[in-house]
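Here is the structure we will look at, set down as structure tokens.
The values are calculated or read from the model by the stated rules, or taken from the named source; none is laboratory data. Fair warning: this is a prediction, and the values are worked out from it, not measured in the lab. Positions of Cβ are backbone-derived with ideal geometry, glycine not excepted, and every protein chain shown enters the neighbour counts.
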Amino acid sequence: MEEDKKKLIIIDSNAIIHRAFHALPPLSTKNGEVVNAVYGFLLIFFKAIKEFQPDFIVACFDVPRPTFRHKKYKEYKAKRPPAPKELYQQIPKIKEILKLFDVPVFEKEGYEADDLIGTISHLAPKKQVLPEIETIILTGDLDALQLIDSYTKVYTSKKGIKDTVLYDKAAVKERYGISPRQLLDYKSLRGDPSDNIPGVTGVGEKTASNLINKFGTLENLYKELKENSDKTKELPPRLRETLLKYKEQAFLSKSLVEIKTDVPIDFNLEKSRWGKYSKDKVIKSLEGLGFYSLIKRLPGNENKPESGNLKIC
């Protein structure tokens, strides 16, 4: 990170909540309220603030109703089992705490949090007359890697909630052998079982990567297949047949995988300025949840003594 750049953190809230819920034991308050996702969310939140010292923060959430992707492809995420009710019950508490931190929350009917993240990450540097801003997407999965560009990086966990990694364009290239934007084309061919995105039946990770390295984009691959170019003649006949057979499926998959960057939202960078919250109100909330160990980690409060017994070891 360049020290002279202003920094905006965009929180992929649902992804962080899921990661925290499954990584931590079922912690409860003295009243029996399960709060492990709340605790883990705040651990990751505080860690990112300490590491990046952001100037602005916003949080994005999914809306628990079908999106335009479900309307386009009814099998979208159909095989994903519902999360436990104990996870969903913690989301309002996390929103309540974010409000205490004066962090704006964005959610919109018909779209996923990823689409709001994509839109804000594009608006922040390009339409807010602040070209020196750097955006860090705080997430628990890798769908947001396609948004990485000169302005944007992705901060995520390798496993659990403590082992974190920061992806930029070079890191994506090193891991996948392609650019962030080409991940769209790669997943359009390979598919994504976690979201039930079909891709091209029979095309796996290695083949998808090789095809994108060879042809650049999905559109160019099919353009050259149509023209029967010399490069496509080098492909095994069975692979060419498979690609042509599942062309429609490939482009459907790309439309599902691609994160929107033009969702109509009312985003004002100045309203997301970090640090305006009442520390006393936040501490009172943390004490009410039994999060005494987190009070020590509270940004700007790191040197205060730690007490209480609700901890993650």
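Please go through the stretch 272-283 and give me each residue that is surrounded by 18 or more Cβ atoms within 10 Å (Cβ to Cβ) and not in a helix (DSSP H, G or I), ordered by number.
Result: Trp274, single match.
Acidic (Asp, Glu), surrounded by fewer than 23 Cβ atoms within 10 Å (Cβ to Cβ) and touching a residue at least 60 places away in the same chain (Cβ under 8 Å) - does that describe any residue in the stretch 178-187?
First, the residues of the stretch 178-187 that are acidic (Asp, Glu): 185.
Filter again for surrounded by fewer than 23 Cβ atoms within 10 Å (Cβ to Cβ), leaving none.
Among the residues of the stretch 178-187, not one is acidic (Asp, Glu), surrounded by fewer than 23 Cβ atoms within 10 Å (Cβ to Cβ) and touching a residue at least 60 places away in the same chain (Cβ under 8 Å), which makes the answer no.
Any idea how many residues of the stretch 19-39 are over 16 Å from Asp163 (Cα atoms), not in a helix (DSSP H, G or I) and not β-branched (Val, Ile, Thr)?
Residues flagged as over 16 Å from Asp163 (Cα atoms), not in a helix (DSSP H, G or I) and not β-branched (Val, Ile, Thr) within the stretch 19-39 amount to 8.
Within the stretch 14-27, take every residue that is in contact with a Ser or Thr (Cβ under 9 Å, 6 or more places away or on another chain) and buried (at least 24 other Cβ atoms within 10 Å of the Cβ) and give me the one that is nearest to Trp274 (Cα to Cα).
Quick first cut of the stretch 14-27, residues in contact with a Ser or Thr (Cβ under 9 Å, 6 or more places away or on another chain) only: 15-16, 19, 23.
Adding the requirement that they be buried (at least 24 other Cβ atoms within 10 Å of the Cβ) leaves 15-16.
Numbers: Ala15: 21, Ile16: 19 Å.
Filtering first and then ranking leaves Ile16.
Go over the candidates Glu51, Glu75 one by one and state the one that is more than 14 Å from Asp115 (Cβ to Cβ) and either assigned to a strand (DSSP E or B) or more than 19 Å from the chain's Cα centre (by Cα) (or both).
Glu75
Looking for whichever is of a type in the set (A, V, I, L, M), surrounded by 16 or more Cβ atoms within 10 Å (Cβ to Cβ) and modelled with pLDDT under 95 here; the options are Leu286, Leu243, Leu269. Which one fits?
Numbers: Leu286 fails: modelled with pLDDT under 95; Leu243 fails: modelled with pLDDT under 95.
Criteria check complete, one pass: Leu269.
For the stretch 155-197, give me each residue that is of a type in the set (A, V, I, L, M) and more than 25 Å from Lys79 (Cβ to Cβ).
Once the filter is applied, which keeps residues that are of a type in the set (A, V, I, L, M) and more than 25 Å from Lys79 (Cβ to Cβ), the stretch 155-197 yields Ile161, Val165, Leu166, Ala170, Ala171, Val172, Ile178.
When the stretch 82-97 is examined, which residues are found to be in a helix (DSSP H, G or I), over 22 Å from Asp280 (Cβ atoms) and either of a type in the set (Gly, Ala, Ser) or touching a residue at least 60 places away in the same chain (Cβ under 8 Å) (or both)?
Across the stretch 82-97, the qualifying residues are Glu86, Leu87, Ile91.
In this structure, is Asp192 modelled with pLDDT of 95 or more, under 25 Å from Leu239 (Cβ atoms) and of a type in the set (Asp, Glu)?
Working: modelled with pLDDT of 95 or more: no; under 25 Å from Leu239 (Cβ atoms): yes; of a type in the set (Asp, Glu): yes.
Criteria not met by Asp192.
Which of (1) under 14 Å from the mean Cα position of the chain (by Cα); (2) within 28 Å of Asp280 (Cβ to Cβ); (3) surrounded by fewer than 19 Cβ atoms within 10 Å (Cβ to Cβ); (4) among the hydrophobic types (A, V, I, L, M, F, W, C) is the odd one out, the single condition Cys60 does not satisfy?
(3)
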